[in-house]
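Worksheet for the structure shown next.
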Ligand SMILES: Nc1ncnc2c1ncn2[C@@H]1O[C@H](COP(=O)(O)OP(=O)(O)OP(=O)(O)O)[C@@H](O)[C@H]1O
Ligand SMILES: [Mg+2]
């Protein structure tokens, strides 16, 4: 099912939690709602599920306007951050519950519940109570309970935040697999950019209730709409140098050399932020136009990173492990075309070539 | 000894001198209270327990013919005691479930409404802060023969008035209402406390799962409230088994035709009156004690079972 939101607004007394958001969630896709704490992700999800009334705007499921529909009529499955499994019901009863409410005959609903329990690999624990399960197992039950009624839309609110790092990686792959298998349109809330990029088809990045960018996951990284997006996505974070744009060159603050960056539609003398992905910075030992001093070289996992001084600013670059420059070395720096962006310093707006 | 091991000592200081002075202080503070308990609860209980096995016991001369079960044999074969037991059980079986059901409904409604909360709170709090003696006066006024509120209404409607307080059937009915009325506030307050402990997220989850108000009540609220319900049911049963004051306050005797003669009434009469029979009274007390003990155990079991 396709989900479309139009000018969605949610206001609490003096806070605008969601501000005029427009988006279309394609049918069968996994969409990550990403953003820092308090940006309105949960609020958005709660409006989609119908738990929370909207202040303004419309929500459409396919072509049906569901804005005023109560949650029990929306056919959505919701996985809460802390799972909210019914503590007095066994795993099987928990998964059966939505069907029991629908008055599905007992034998049929048990069969169906077992089918979904198998799908999330929880079928060995059917008789246990929630308190007798680990966090990861509880989460699977919560997903099975959300899926068993065959919802048109599956909503997950930071379902992995209670798990340890290793289990979190395992479970997000599980969620991906389950989502693919069931083919249900899924909205997944997280504040972890790595989590979002590793499982979603699309990402909607939000800040203070405002949509920053909604795009294919790859595009968010390769083609950020503004400085906030460029900064939020990517680990290590994108390099940022502040300075002035002048005739195809960028002059970082307190750095004598200009960096040639090509023609942008910017007035000469404007203050800009020159941002570059660490993999887009080319470091060579030969002499070149732009020379920088190496501050530090360190190994992070399989990669070697080199920190370069450019006036007040710092640049991080991936370098070849065997020929990595040493501290205090002077190196020549240039940039690839990909992964290099220029933004307005004040508004964060992106400039294009 | 280093600090770390001290901490693993469960927070207690290993310094024995300190501990000794603490014990002295504790004894000083608790002493009077403990003394009261020993004198007014433990000693009488042991005494009553022993008394129940003393045959032909005379309290004035403090003599008895020997130890045995004669008192129990007499009490358990006494038709007056057995009918008292029957009356009491009937009271428990009627008053406890009805008051519980009414309380659950009121507590859930109270928990769900923000409006009228102040008014409702006064309403259900009133019986708790008013003495039952005063309430019994009001009840007697409401159900009185001449000028009683209900009879006034009945006669205005052209029906013949009912002798609520003077006939066996109706006096029983009035007692049940009185019992239920008095038990409500305490029950509702405990249930409300239980309801506040239920995480509202379960209601939200159930709503998303498609549940309507009634589904939520039966599938979520009541089961999650069941530990409190069990507790209240048992506590109320225990107090209902000891029913006596309500009867006394309403009728000044065990009902108009001795029809509301409860176990405590039996014990009360055997201890006092013109021809006291302390041995029987003690034996009857111990029998009641065991009935209540069974309920207390039941409460323990239920509490464990409903501990999510
Ligand atoms: N019931 C409420 N009343 C008032 N303000 C609220 C309410 N719920 C949320 N807010 C506010 O709305 C904003 C968005 O909250 P929301 O819970 O949607 O954030 P979030 O993105 O889910 O954050 P987190 O990652 O911490 O869960 C916050 O500023 C929050 O304080
Ligand atoms: Mg949230």
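The values are calculated or read from the model by the stated rules, or taken from the named source; none is laboratory data. Since we're looking at a predicted model, the values are computed, not measured. Because the Cβ atoms are built from the backbone with ideal geometry, glycine has one as well, and the counts that use them run over all protein chains shown.
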Subset of the stretch A:85-98 (residues that are outside any loop (DSSP other than H, G, I, E, B) and either within 16 Å of ligand 1 (Cβ to nearest atom) or closer than 26 Å to residue A:189 by Cβ (or both))
A:91, A:94, A:95, A:97, A:98
Selection status of residue A:57, away from ligand 2 (no atom under 13 Å from the Cβ), surrounded by 14 or more Cβ atoms within 10 Å (Cβ to Cβ) and either more than 14 Å from chain B (Cβ to nearest Cβ) or at pLDDT below 90 (or both):
yes
All but one of (1) touching a residue at least 60 places away in the same chain (Cβ under 8 Å); (2) touching a helix residue (DSSP H, G or I) at 6+ places or on another chain (Cβ under 7 Å); (3) closer than 30 Å to residue A:117 by Cα hold for residue A:35; which doesn't?
(3)
Could you check how many residues of the stretch A:85-107 are without any contact (Cβ under 8 Å) to a residue 40 or more places away in the chain and more than 8 Å from chain B (Cβ to nearest Cβ)?
8
Checked A:46, A:82 against criteria (outside any helix (DSSP H, G or I), within 16 Å of ligand 1 (Cβ to nearest atom) and either within 8 Å of chain B (Cβ to nearest Cβ) or within 24 Å of the chain's Cα centre (by Cα) (or both)); the one match is A:82
Collect the residues in the stretch B:198-235 that are in contact (Cβ under 8 Å) with a residue 24 or more places away in the chain and either facing another protein chain (nearest Cβ under 8 Å) or over 30 Å from residue A:150 (Cβ atoms) (or both), keeping them in residue-number order.
B:224, B:225, B:226, B:227, B:228, B:229, B:230, B:231, B:232, B:233, B:234, B:235
Among (1) within 11 Å of chain B (Cβ to nearest Cβ); (2) within 22 Å of residue A:178 (Cα to Cα); (3) surrounded by 21 or more Cβ atoms within 10 Å (Cβ to Cβ), which single condition is residue A:75 missing?
(3)
Quick check: anything in the stretch B:45-52 surrounded by 15 or more Cβ atoms within 10 Å (Cβ to Cβ), touching a helix residue (DSSP H, G or I) at 6+ places or on another chain (Cβ under 7 Å) and either at pLDDT 90 or above or not in a helix (DSSP H, G or I) (or both)?
yes
Can you say whether residue A:28 is on the phi > 0 side of the Ramachandran plot and within 16 Å of ligand 1 (Cβ to nearest atom), as far as the supplied structure shows?
no
Elements of type helices (runs of 4 or more DSSP H) contained in the stretch B:64-131, each with 2 or more residues being at pLDDT 80 or above and surrounded by 15 or more Cβ atoms within 10 Å (Cβ to Cβ):
B:70-77, B:79-112
Among residues belonging to the stretch A:123-152 that are in a loop (DSSP other than H, G, I, E, B) and in contact with a strand residue (DSSP E or B) (Cβ under 9 Å, 6 or more places away or on another chain), point out the one that is nearest to residue A:92 (Cα to Cα).
A:148
Do we have residue A:82 as surrounded by fewer than 22 Cβ atoms within 10 Å (Cβ to Cβ) and over 30 Å from residue A:215 (Cβ atoms) here?
yes
Candidates A:293, A:279, filtered to the one that is modelled with pLDDT under 90 and assigned by TED's automatic domain parsing to the domain that holds residue A:250
A:293
With the condition kept exactly as written, say whether any residue in the stretch B:239-256 is at pLDDT 90 or above, surrounded by 20 or more Cβ atoms within 10 Å (Cβ to Cβ) and assigned by TED's automatic domain parsing to the domain that holds residue B:296.
yes
Tell me the residue from A:160, A:155 that is within 16 Å of ligand 2 (Cβ to nearest atom) and in a loop (DSSP other than H, G, I, E, B), please.
A:160
Only one of A:23, A:17 is more than 14 Å from every other protein chain (Cβ to nearest Cβ), closer than 18 Å to residue A:57 by Cα and within 13 Å of ligand 2 (Cβ to nearest atom); which?
A:17
First in the stretch A:157-169 and over 19 Å from residue A:200 (Cα atoms), second anywhere and within 13 Å of ligand 2 (Cβ to nearest atom), Cβ under 7 Å, 6 or more apart
A:162/A:82
